[in-house]
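K.L.:
Once you've had a glance at the structure underneath, I'll fire off some questions.
The values are calculated or read from the model by the stated rules, or taken from the named source; none is laboratory data. This one's a predicted model, so the numbers in the text were calculated from it and none came from an experiment. Counting neighbours? That spans all protein chains shown, and the Cβs are built from the backbone with ideal geometry, glycine included.
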Amino acid sequence: MALADARLAIVDLETTGGQPGWDRVTEIGVLEIDGFEVSSEWSTLVNPGASIPAPIQALTGITNEMVAAAPTFAEIAGALHERLSGRVFVAHNARFDYGFLRREFDRAGLKFSAQTLCTVRLSRRLYAEHASHNLDSLIARHGIACRARHRALGDADAVWQFLRIAAREHGEEILWVAARQVAKQPALPPHLDPAAVDAIPEAPGVYIFYGEAGTPLYVGMSKTLRSRVLQHFSTRLAWAPEVRRVDWQRTAGELGAALREAKLVKALAPAYNRQLRRPDSLCGFVFDMKRLRLAQSHEIDAQTLPYVYGLFRSKRHALQALRTLADEYGLCLQTLGFDGARPGACFRHQIARCAGVCAGKESIHMHQGRVAEALARLRTLAWPHGGPLGIVERDRDREAEEVHVVDRWCYLGAASSDAELAELLEAAREPRFDYDQYRILARHLGKKNLRTVKLGPCTAN
C-alpha cells in the first residue's frame, strides 16, 4: 500500500487530566484523510460528567459551562466508532489519545482496536537531529500555523500539516516506510491486557511489572515510558511471559523518575532487579589517624557523611578499593587490621607491596600519613550548599512542575505546591541517606541549565 492509498484518521483529544482510568474526554477532533487529502473534518465538545480542573480550563480554554450542554461520550460513541473504523489511528503521542478512547469506548460498551501511528515517534525517526518532538516544538520548527492550540481540531490540523511537510521534505515513499516502521508493535505477553499498555504515556516516569498473584518482577524508569515498556517485550526477555500487569507513575522529568525508581526497588524488592536492592550493605571507611575501620549503613547519614571515605555497595567492593590503594601507596593491610594478625612482617611486605611498617622499616606515623593521603581520594562530595536545595523539573506537556528537595545529599521528596514543600521541610528533621539517590543527585547537580532554588537553613538540628 502507498501513502496515497492509506485511510487515516488524525485524532486529538482534550481531557480533564492525564489518567484514562478516571479522567474523561472533554473534546474530540478528527480529520479523515483519503488519498492524502482531507475528506472530512469533525469535532465536538464532550460532557465529561465531572468538573474540569482550573489549570486544564486555563490551558485549553474549555470551561465547565461550555461542556454542560455537550453530549456525553456514550451519546456519540456509536457514530465516532463508525467514523474511525478501518482507518489508521494517527495522533501526536498516539497512545495517550488511543488509550483514552479505548477506555471511553469500553465504558460505552464498545470494543475499539486500530493500527496506530504516533507522530512523536515519526518525528524522532525523520528528524533525529532535534532533541524535542512535542507538538509545540514541531509547530515552531516547521512554521506550522496552528488555528487553535490545545483545542482538538486545531491540534489535529497541526499534525496533518506536519505530515504534509514531512512528505514534501522526505518524499512520500520515505515517509510511508518510516510510518510503517514506527507503527510496528512487539508481541505482548499472553496474560497482559493490551489496553493497559495503550494507556502508558510517552513521558518520564517509572513502571512496575507484576507477575502472578501480584508479585513484583521488575521496576524501571525512562524518559519515554511506553517505548521503554514495549522494548522489554521486543528484546524477548526470558521472564517477559511472566508479566500479568504493568503499573506506571508519571513524573515531571528524568530526575524524578530515577529517584522514584531507586525508592521503589528497595521497597518492593522485585525479582529481576539486580541493582539498587540492598541498602543495608552500604559501607565506607572511617579513619582517625590511629585506626581504620568500616562504617556500616546504619552509621552513615547526613551528619556523618563528611567523615566517611568512600561509599560502597558491599564490604567486598570496599575491600577491593582498599587493596588497590594499599598497592599504590605501600600500605600494610595487616597493620590496618584488614589482613589478619600475625607477628613480624606481613606477606605483602615479602612481595614488595607493603613499605614495611610491620617489619620496623618505617614509623607508624609515616604509614598513617600515607593512609590519610590515600583515603583523601575516596572522600565523598561535600554538600555545596548552606542548607536544603530545591531542584526544579518542569513537565511542559502537562504545564506542571515538581521541586525535588535535597538536604546534604539526602532526598526528602518531591513537592508540587508550597504547602507540600513546607511539609517536606518540616518532616525531614533527620534526613535518611541513600547511596543510590546520592549518586543520582551528584550526577544531576553537575548538569548545565539546572533550575534550583535555595530553601533556607539546614533542617537538622
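K.L.:
Please count how many residues of the stretch 208-229 are surrounded by fewer than 16 Cβ atoms within 10 Å (Cβ to Cβ) and aliphatic (A, V, I, L, M).
P.N.:
Selection size over the stretch 208-229: 1.
K.L.:
Do we have residue 37 as under 30 Å from residue 167 (Cα atoms) and either assigned by TED's automatic domain parsing to the domain that holds residue 112 or among the aliphatic types (A, V, I, L, M) (or both) here?
P.N.:
So residue 37 passes the test.
K.L.:
Could you say which residue among 166, 179, 148 is out of contact with any strand residue (DSSP E or B) (no Cβ under 6 Å at 6 or more places or on another chain) and either of a type in the set (Ser, Thr, Tyr) or within 18 Å of residue 88 (Cα to Cα) (or both)?
P.N.:
Within the list 166, 179, 148, the selection yields 166.
K.L.:
OK, next. List the pairs whose first member sits in the stretch 348-359 and is assigned by TED's automatic domain parsing to the domain that holds residue 371, whose second member is of a type in the set (Val, Ile, Thr) and surrounded by 16 or more Cβ atoms within 10 Å (Cβ to Cβ), and whose Cβ atoms are under 9 Å apart, counting only residues at least 6 apart or on separate chains?
P.N.:
349/357; 354/335; 357/335; 358/335
Conditions tested, residue by residue: (1) touching a residue at least 60 places away in the same chain (Cβ under 8 Å); (2) under 35 Å from the mean Cα position of the chain (by Cα); (3) assigned by TED's automatic domain parsing to the domain that holds residue 155.
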residue	(1), (2), (3)
52	no, yes, yes
80	no, yes, yes
83	yes, no, yes
86	yes, yes, yes
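K.L.:
Still on this model: Does residue 229 satisfy being among the β-branched types (Val, Ile, Thr), in a helix (DSSP H, G or I) and outside the structural domain of residue 314 (by TED's automatic domain parsing)?
P.N.:
Here the answer is yes, as residue 229 does meet what is asked.
Residues are listed down the side, and each one gets a yes or a no for (1) at pLDDT below 95; (2) crowded, with 17+ Cβ neighbours inside 10 Å; (3) of a type in the set (Phe, Trp, Tyr):
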{"position": "2", "(1), (2), (3)": "yes, no, no"}
{"position": "9", "(1), (2), (3)": "no, yes, no"}
{"position": "36", "(1), (2), (3)": "yes, yes, yes"}
{"position": "78", "(1), (2), (3)": "no, no, no"}
{"position": "93", "(1), (2), (3)": "yes, yes, no"}
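K.L.:
So, residue 203, is that one of a type outside the set (S, T, N, Q) and either at pLDDT 90 or above or surrounded by fewer than 18 Cβ atoms within 10 Å (Cβ to Cβ) (or both) or not?
P.N.:
No.
K.L.:
Working only within the stretch 275-295, note down all residues that are outside any loop (DSSP other than H, G, I, E, B) and at pLDDT 80 or above.
P.N.:
Scanning the stretch 275-295 gives 281, 283, 284, 285, 286, 287, 292, 293, 294, 295.
K.L.:
While we're on this one: Take residue 56 and decide whether it is assigned by TED's automatic domain parsing to the domain that holds residue 148, farther than 22 Å from residue 167 by Cα, in contact with a Gly (Cβ under 8 Å, 6 or more places away or on another chain) and surrounded by 21 or more Cβ atoms within 10 Å (Cβ to Cβ).
P.N.:
It is true that residue 56 is assigned by TED's automatic domain parsing to the domain that holds residue 148, farther than 22 Å from residue 167 by Cα, in contact with a Gly (Cβ under 8 Å, 6 or more places away or on another chain) and surrounded by 21 or more Cβ atoms within 10 Å (Cβ to Cβ).
K.L.:
Same structure again: Looking only at the stretch 332-388, filter to residues that are acidic (Asp, Glu) and crowded, with 16+ Cβ neighbours inside 10 Å; which one of those is farthest from residue 283 (Cα to Cα)?
P.N.:
Checking each candidate, the answer is 362.
K.L.:
Of (1) exposed (fewer than 14 other Cβ atoms within 10 Å of the Cβ); (2) touching a residue at least 40 places away in the same chain (Cβ under 8 Å), residue 69 satisfies all except one. Which?
P.N.:
(2)
K.L.:
Any chance you could count how many residues in the stretch 297-324 are free of Cβ contacts under 8 Å to residues at least 60 places away in the same chain and closer than 30 Å to residue 431 by Cβ?
P.N.:
Residues in the stretch 297-324 being free of Cβ contacts under 8 Å to residues at least 60 places away in the same chain and closer than 30 Å to residue 431 by Cβ: 15 in total.
K.L.:
From (1) outside any loop (DSSP other than H, G, I, E, B); (2) at negative phi, pick out the condition that doesn't hold for residue 213.
P.N.:
Among (1) outside any loop (DSSP other than H, G, I, E, B); (2) at negative phi, residue 213 violates only (2).
K.L.:
Still on this structure: Across the stretch 388-412, what is the number of residues that are in contact with a strand residue (DSSP E or B) (Cβ under 6 Å, 6 or more places away or on another chain) and not in a loop (DSSP other than H, G, I, E, B)?
P.N.:
Summing the residues that are in contact with a strand residue (DSSP E or B) (Cβ under 6 Å, 6 or more places away or on another chain) and not in a loop (DSSP other than H, G, I, E, B) in the stretch 388-412 gives 13.
K.L.:
Now a separate question. Among 147, 107, which is in contact (Cβ under 8 Å) with a residue 12 or more places away in the chain and among the basic types (Lys, Arg)?
P.N.:
One residue alone meets the criteria, 107.
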